[in-house]
Structures are given as structure tokens and as C-alpha cells.
Amino acid sequence: MQQFSGRAAAPGLAQGSVVWFAETACGKTPQGTPAQELEKFRLAREDCTLRQAQLYQAAREQAGEEAAAIFELHGMLLQEDLEEYVRPYIEQGKPAAEAARLGMREVGALFAALDDDYMRQRSEDMAELGEELAAAIEGGAAPTLSRPAILAAQQLFPGQAVSLPKGLLLGVVLQKGGAQSHMAILARSMGIPLIFCPEAGPDWHGRTALLNGGTGGIVLDPDEARQAAYAQSARALARQTALLESYRGKPTQTANGQSVALLANIGGMADLPALQISDAEGVGLLRSEFLYLESPNWPTENAQYAAYCAALRALPGKPVTLRTFDLGADKTAPYMHLPACANPEMGCRGLRFGLQNPHLLKTQLRAALRAAACGPLGIMFPMVCTPDELDKALTLLEECRAELAAEGTAFGKASVGCMVETPAAVLYAAELARRCAFLSIGTNDLHQYTFASEREGEVLYAAADPALLRLVGMTVQAAHAQGCRVNVCGQLAADPAATRALLALGVDGLSVPPGQVLAMRRHIADITV
Ligand code: PEP
Ligand code: MG
């Protein structure tokens with residue numbers, strides 16, 4: 001028995017024998033003259049165009065219109081005049097497949113430089129099409145399955161997945177790919193677990209595997225005990241999923257009719273797929289600092305703008321609350337050169353860091369204001385202690401608005417709020433609420449600063465200790481008196497043991513991890529406040 005821990009990309013469980021798909025195993029034809037290579041490219045393009053139409057039909061039947069749209073789009077992009085980008089590479093002596101890859105990447109780079117956000121995203125589609133054209137030229141086979149199996153491969157295109165007979169594809173393990181790839185989106189639409197695992201290889205072929213697409217866990221050659229545990233989890237998951245699915249699209253309400261907004265917390269852009277299938281009513285907390293931590297340098301205004309628009313597009317028309325970077329403490333990267341300090345949790349972090357580095361905060365605020373033109377974006381400041389700090393942040397925001405207006409750059413009307421994560425912020429709740437459209441209580445930090453008990457350390461005080469709940473109650477009362485809404489976005493929001501108390505205190509919204517939205521809606525429906 002062997003166990004692997006891969007990156008979870010589409011949830012679900014699968015058990016079956018592995019079929020390893022060696023995608024370029026089919027014979028490559030030898031390189032011909034430039035004229036022959038050009039002809040290979042033209043034939044491959046016709047082939048791919050025809051294939052996109054077939055895949056569109058297949059995907060529509062198997063996964064619905066939304067998932068099928070990828071193939072319609074690819075068909076349209078193949079109609080463009082692509083030859084002028086590919087021909088120069090062939091004339092330089094490159095084989096048709098490589099020329100197709102390079103040429104399409106060049107078109108992709110042109111798309112990436114455009115102002116239009118939608119066109120910029122098409123740049124990835126062009127790279128994907130370049131790979132498909134190259135596969136068609138090299139004779140890369142589509143995988144085939146003759147019996148239900150788990151498909152493992154280095155890489156798989158969405159087209160290859162939908163062309164497999166429905167019902168035979170139990171799960172997929174790929175060496176390469178990202179949670180935001182079309183393959184991952186498609187797997188989620190098809191309800192097929194997908195895991196990215198670099199250790200997968202041809203030696204997996206024919207072996208039995210258990211996949212958990214929710215955790216990324218893979219067991220090869222499971223022993224009997226593992227198989228029995230899997231069967232039990234599969235039965236429990238099936239029952240649980242069916243039950244939770246009945247809450248999808250329903251309003252979030254207690255048994256006695258009290259409504260509450262059920263929102264999701266997300267970190268990096270890798271969480272967007274999970275957000276899309278969560279049925280959340282919006283994003284209550286986008287921890288934007290993850291964008292900074294994943295980046296080799298300070299992310300540019302444009303990179304941030306693109307990321308925030310992507311978050312808004314993931315839940316069209318629904319509110320997304322962007323928290324400005326809460327850097328410092330445990331969230332640092334080497335390029336940031338944050339000042340050393342004896343106790344970083346109490347040092348230069350969150351808004352303090354932003355106010356000491358206003359150019360960094362302003363870059364983010366400009367990106368956020370621009371993104372607010374794409375959808376209902378809220379901007380929320382972290383680790384606020386005093387109204388004075390919030391005023392300084394609001395002044396920077398105003399400066400950004402004025403600059404964008406003077407430049408003639410489009411921006412939107414973002415609602416503004418702040419987090420309540422320190423006892424000082426609770427005591428200042430009325431003053432903060434007067435300046436804000438909403439407050440959001442970060443119970444993770446509020447707990448550690450209230451009990452002088454570090455959040456990463458041993459749990460010394462209950463998560464829902466009455467002292468913490470009193471602070472929540474004080475915040476809600478003070479904010480409501482100013483007509484300001486209050487959400488809770490710390491872990492307590494997702495703790496079923498605390499839900500009743502939070503709702504009884506009058507909290508307006510709970511923001512929880514995307515995977516817990518449906519379970520929380522079900523739990524709330526059973527509560528009487
Ligand atoms: C919190 O402190 O509760 C919170 C939501 O912020 P973070 O967990 O990112 O510090
Ligand atoms: Mg916090």
C-alpha cells in the first residue's frame with residue numbers, strides 16, 4: 001500500500017483501477033519541408049475545429065451549457081487568422097507542432113496585453129489551443145476506456161475528458177495542472193474527483209487506487225481495512241451530499257424565520273473554483289494578502305485588478321468583500337523586508353503596516369476601486385485599533401478615487417468597512433461604524449488579543465467563551481445603532497456550537513470556508529433563535 005498527498009482540484013471519492021494515459025505515445029511523423037509542415041498545421045486546425053463542435057455537443061449533454069461554452073469559444077478562436085503567427089516559425093525551420101505552440105503563445109501574449117479584461121483571459125485559451133493543435137499534429141491520441149477506471153496522465157485537455165464514454169471515468173489524477181484550469185472546472189461540473197499529483201506515473205497503470213478529491217488523498221494498492229473504510233466514507237458522503245444538495249439555492253433562515261447572509265471566506269485565487277460551487281451568497285472575506293504571499297514581488301496594480309475582477313466574476317452579481325493586505329505577523333515573504341520585532345503579532349501588521357507604507361496600500365486601493373467597476377466590491381481594512389487609523393485609511397482611499405478620476409480611469413463605488421479584531425476596535429465600535437457600511441468581526445484575532453493567548457498555540461480558552469460573545473454583542477449593538485451591518489468572518493462563524501449564540505446576538509452575516517456553506521445553511525435551518 002502506498003499513500004500520496006496531492007492537490008485537491010475537484011471533490012468526490014473514487015475507487016478503481018488506474019489506466020495510465022501516455023498522451024504522446026502515438027507515432028510522430030518525421031519533420032518535412034516547410035510546405036509540408038504548413039500543410040500539417042492546416043489539417044490539424046481543420047481537425048481541431050471539427051472536434052470543438054463535437055466536444056461542444058458532448059459536453060453540453062454531459063456537463064451542461066456552461067461547461068460546454070469552452071468548446072464553443074475554442075471553435076470561434078480557431079476561426080481567427082492564426083496562420084500568420086505560425087508560418088514564420090515553420091519558415092525558420094521549426095516542426096509544425098512546435099510552431100503551433102509558439103505561434104499560439106504569441107497570439108496569447110497579444111491578448112494578455114489588451115485592456116479588455118475578457119480578452120486578456122483568452123490568452124490562456126490560446127496557449128491551450130496551441131497544445132491541442134500540437135497534439136493533433138503529433139497524432140496524440142485521445143485516451144480510451146473500455147471499463148470504469150481512474151485515468152492518470154501527465155496532463156489532460158478538457159476535450160479528452162469529455163470524449164471519454166460517460167460513466168466510465170471514475171476519477172482523474174494528473175501530474176500537471178492548476179485548480180483553475182479548464183480541466184479542473186470541467187471535472188467539477190462533471191462531478192468527477194480530480195487530484196494533481198506529481199508522483200503519478202506509468203507504474204500506476206493497472207493498480208487499484210482510492211481517491212479523495214476533497215482532500216487530495218490517494219491510496220494505491222489499499223489493504224482491506226482501507227477499502228472497508230473507503231466504502232463506509234463513500235456511503236456516508238453519498239447520504240450527506242444528497243441531503244446538503246437539497247439546501248442549494250435556498251435562502252439561509254433559522255427555523256423561526258430569522259435571515260442571515262451566508263458568505264464565504266477565500267484566500268488566493270486557487271479558492272475560486274471551490275467558491276463557485278459553494279452556493280455562498282457572496283464573499284465575506286477575501287484574504288488578499290495571499291496574493292502577495294504567492295507573488296515573487298509586490299503584485300502590480302494591474303495584477304491585483306485582474307485577480308479581484310476574477311473573484312467578482314466567480315459569483316456574478318454577488319458581493320465580494322476584499323480585505324486589504326493583512327501582512328506582517330505570520331504573513332510575510334522575503335521580498336517584503338518587514339522590520340524584525342520581538343512579538344510580530346503585536347508589531348507592524350495589517351493596517352499599521354499599510355499606513356506606514358502608503359504607496360503599497362494605495363496600489364491595492366486603486367486596483368480595488370477599479371475592480372469595483374466590475375461588480376459589487378466591498379473594501380475592508382484589517383487590524384484597525386482606533387478611529388484615527390481608519391480615518392487615515394479612508395483619506396488614502398479618497399486620494400485614490402481623486403487620482404483615478406483625474407486620470408479618467410474607470411472605477412466603481414465600493415462599499416467600505418473594517419474588521420473588528422482587537423478589543424480596542426470593539427470599544428470604538430460606534431465610532432468605527434459611523435464611518436463604515438459594515439463591520440466584520442475577526443474572532444480568530446479577537447480571541448487571541450482578548451485572552452492574551454496566541455492563536456497558533458495550545459487552546460486555553462473556549463472558542464465561544466462568554467467573554468468573546470460579549471464582545472460580539474457589544475459590537476453588534478453599537479454598530480446597529482449607527483445603521484451598520486455586522487458579519488462574523490473568523491472561524492467561530494463556521495463553528496456549529498456557536499451559531500445559535502451569534503444569531504441571537506443579532507449578527508447579520510456569517511462568512512465560512514466555501515466547503516461549509518451548504519452544511520451551515522442546513523444547520524441554521526434547524527436553529528430557533
Ligand atoms: C480573524 O482574525 O478572525 C480573521 C478572519 O482574520 P485572519 O484569520 O485572516 O487573521
Ligand atoms: Mg485576523
When (1) aliphatic (A, V, I, L, M); (2) within 16 Å of ligand 1 (Cβ to nearest atom); (3) crowded, with 16+ Cβ neighbours inside 10 Å; (4) outside any helix (DSSP H, G or I) are applied to Leu432, the one that fails is (4)
Mind listing whichever residues of the stretch 385-401 are more than 16 Å from ligand 1 (Cβ to nearest atom) and either closer than 21 Å to Pro423 by Cβ or not in a helix (DSSP H, G or I) (or both)?
-> Thr386, Pro387, Asp388, Glu389, Leu390, Asp391, Lys392, Ala393
Of all the residues that make up the stretch 231-272, how many are surrounded by 16 or more Cβ atoms within 10 Å (Cβ to Cβ), part of a loop (DSSP other than H, G, I, E, B) and modelled with pLDDT of 95 or more?
-> 4
Residue ID - farthest from the chain's Cα centre (by Cα), chosen from residues in the stretch 138-154 that are buried (at least 17 other Cβ atoms within 10 Å of the Cβ) and at pLDDT 80 or above = Ala149
Checked the stretch 208-231 for anything of a type outside the set (Val, Ile, Thr) and closer than 21 Å to Ala9 by Cβ; matches are Ala209, Leu210, Leu211, Asn212, Gly213, Gly214, Gly216, Gly217, Leu220, Tyr230
Gly483 meets each of (1) within 16 Å of ligand 1 (Cβ to nearest atom); (2) outside any helix (DSSP H, G or I) with one exception, condition (1)
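Being buried (at least 22 other Cβ atoms within 10 Å of the Cβ), modelled with pLDDT of 95 or more and out of contact with any Gly (no Cβ under 9 Å at 6 or more places or on another chain) narrows it down to one residue among Met474, Met520; which is it?
Details: Met474 fails: buried (at least 22 other Cβ atoms within 10 Å of the Cβ).
From the options Met474, Met520, the qualifying one is Met520.
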If you go through Glu345, Glu301, the only one that is within 16 Å of ligand 2 (Cβ to nearest atom) and over 29 Å from Gly214 (Cα atoms) is Glu345
Reported set for the stretch 440-462 where residues are within 14 Å of ligand 2 (Cβ to nearest atom), modelled with pLDDT under 95 and assigned to a loop (DSSP other than H, G, I, E, B) is Glu454, Arg455, Glu456
What do you reckon, is Asp330 surrounded by 15 or more Cβ atoms within 10 Å (Cβ to Cβ) and either without any contact (Cβ under 8 Å) to a residue 24 or more places away in the chain or within 16 Å of ligand 1 (Cβ to nearest atom) (or both)?
-> no
Report yes if Val416 is within 16 Å of ligand 1 (Cβ to nearest atom) and not acidic (Asp, Glu), otherwise no.
-> no
Tell me which of these Lys318 doesn't satisfy, since it passes every other one: (1) of a type outside the set (Gly, Ala, Ser); (2) buried (at least 21 other Cβ atoms within 10 Å of the Cβ); (3) in contact with a Pro (Cβ under 8 Å, 6 or more places away or on another chain); (4) free of Cβ contacts under 8 Å to residues at least 60 places away in the same chain.
-> (2)
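The values are calculated or read from the model by the stated rules, or taken from the named source; none is laboratory data. Owing to the predicted nature of the structure, the values given are computational and were not obtained by experimental measurement. Using ideal geometry, Cβ is built from the backbone for each residue, glycine included, and neighbour counts are taken over all protein chains shown.
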